[in-house]
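Below is one structure; the comments refer to it alone.
The values are calculated or read from the model by the stated rules, or taken from the named source; none is laboratory data. The shown structure was predicted, so the numbers you read here are calculated from the model rather than taken from an experiment. Cβ placement follows ideal geometry from the backbone for every residue including glycine, while neighbour counts extend to all protein chains displayed. These accessible areas exclude ligands, DNA and RNA; they are computed on the full protein's heavy atoms, side chains included. Shrake-Rupley method; radii C 1.70, N 1.55, O 1.52, S 1.80 Å.
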Amino acid sequence: MNITAAQVNELRQKTGAGMMDCKKALLEAEGNIEKAVEILRKKGASVAAKRADRDAKEGIILTKISENKNSASIIEVNCETDFVAKSTDFVNFANEVLEATFSSNPSSVADLLEKNPKINVGLTELVGKVGEKSEVSRVALLNAENGLVVDYIHPGSKLGVVVRFDNLPSEKFSSFEGIAKDFAMQVAAMKPLAIYREVVPQELVNSEIEIYKEVARKEGKPEHILEKIAVGKLNKYYQENCLFEQAFIKDNSKTVADLVDDFNKQHGTSLKIHSFLRFHLGDEKK
């Protein structure tokens, strides 16, 4: 059967599949476009099944901020190779996931797929096109009813951050947004465990204290001063791992806390850093 270039082009427009794949599907479907679409979808499902046990450690992180700047979504979509991660088909699919996350406010990936069945279909079709295992790994949202949300995507789209600030009137957004972006970049660069020392898990604190005591003990320090040594080292641990206490990356003579305090004094506000999300390819998924 003779398959025309126009038929191939029409099928490519409908599915985004490669030219040779479209031609083979049309030959199998005896020129029937709808049957050819179904054949290509089945091919995608077949590829997905074959590659289900592969590792998908490459991919991209994307973020989106609402027009009023008080809500944000962040997503991670994975594939097997960096080459596919940069492909138009993969990036387009990831953006569809981002938009669906932003609009449907899912509580998890499973919730996203339940609310947006087209994402599942699109994922199967994507696998058929790129020939690699692909998956939506993480989705999350931040909302600040009385504040500001900012984002930062590191060049290469393998690391993304969103940060929520509370108690900031909208008329102050323009004054603070530059500093807020710097704080988001700080989270990306310095990888804090928490914002404030009070919320660092107690088991982690206890573990650090025991490590400091044991090190000091092996160094021959007297037993009665081990607690004091451990507390001193713990303060340094907080300064390195709590965002609010970290030295500011653009001026290490100041801490993040100093900048927040300075802004509040200058503008008569009670701004507070509420939370952040940091997605990095290769993070252990919880």
Inset, instruction - Determine which member of the set A188, A216, A194 is modelled with pLDDT under 90 and open to solvent by less than 30 Å² (accessible area, probe 1.4 Å). - result: A216
Inset, instruction - Please go through the range 74-91 and pick out each residue that is among the hydrophobic types (A, V, I, L, M, F, W, C) and not in a helix (DSSP H, G or I). - result: I74, I75, V77, C79
Legend entry - Top-ranked residue in the range 32-55 [being at pLDDT 75 or above and in contact with a Ser or Thr (Cβ under 9 Å, 6 or more places away or on another chain); ranked as surrounded by the fewest Cβ atoms within 10 Å (Cβ to Cβ)]: V37
Inset, instruction - Six or more apart or on different chains, Cβ under 7 Å: which pairs go from a residue in the range 153-172 that's outside any strand (DSSP E or B) to one that's of a type in the set (D, E, K, R)? Could you list them? - result: N167/K272
Legend entry - Scan of the range 138-148 for residues that are touching a helix residue (DSSP H, G or I) at 6+ places or on another chain (Cβ under 9 Å) and open to solvent by 30 Å² or more (accessible area, probe 1.4 Å), ordered by number: R138, L141
Legend entry - Check on S71, of a type outside the set (A, V, I, L, M, F, W, C), more than 21 Å from K57 (Cβ to Cβ) and in contact (Cβ under 8 Å) with a residue 60 or more places away in the chain: yes
Legend entry - Single unsatisfied condition, D262 versus (1) among the charged types (D, E, K, R); (2) surrounded by 14 or more Cβ atoms within 10 Å (Cβ to Cβ); (3) out of contact with any Asp or Glu (no Cβ under 8 Å at 6 or more places or on another chain): (2)
Legend entry - the range 241-256, residues that are in contact (Cβ under 8 Å) with a residue 12 or more places away in the chain and open to solvent by 90 Å² or more (accessible area, probe 1.4 Å): K250
